[in-house]
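One structure is given below, encoded as C-alpha cells.
The values are calculated or read from the model by the stated rules, or taken from the named source; none is laboratory data. The shown structure was predicted, so the numbers you read here are calculated from the model rather than taken from an experiment. FYI the Cβ positions are ideal-geometry reconstructions off the backbone, even for glycines, and counts take in every protein chain you see.
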Amino acid sequence: MLCKVYFANSKGLSRPKDEVRKSPRIGELRLRLMSRYGAVVSHPETGRYLLPAMDAVTITIKARGVLLEGTELIPRRAGRKAAYDMYAQIWWCVPVFDSVVLDDLSVGDV
C-alpha cells in the first residue's frame, strides 16, 4: 500500500514534532508475518528501502491511518548475517490514494 510514513524516532531518540511533520517518506508499506510482524517502506519503483526495517511490530488501525510500533533494525555492515543495532521506533502511516504523488517522487528525493 502506498503511504506517507512519518517516523517519530532517530536511533531510539524522539524527533521534534515539527521535524516529523516536515519529513515524511512516501513509499510502499509492506507488512510480513513470520514468527512476528515486521515492516518495511520501500521506493515504489526501485524497491530500495526508504527507512530501516522494523521488527516485532504492533499494528494499530485508526480512522486516518495505521500506527506501527516496533524495533528498528540498522545493520552494522552489509550482508545477510550482519549484526544489527536495535532502536525503538514509531511510524504513522497515512495511505496515499493520489497517483500524482508518484510523479514528483524520484530516487534522489528520498
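Structure data summary
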read-out	value
Unmet requirement for PHE97, which otherwise passes all of (1) aromatic (Phe, Trp, Tyr); (2) surrounded by 12 or more Cβ atoms within 10 Å (Cβ to Cβ); (3) at pLDDT below 95	(2)
Candidate set: the range 22-59, residues that are within 15 Å of PRO95 (Cβ to Cβ) and of a type outside the set (A, V, I, L, M); chosen: the one surrounded by the fewest Cβ atoms within 10 Å (Cβ to Cβ)	ARG30
Single residue of LEU102, LEU67 found to be at pLDDT 90 or above, out of contact with any Lys or Arg (no Cβ under 8 Å at 6 or more places or on another chain) and of a type in the set (A, V, I, L, M)	LEU67
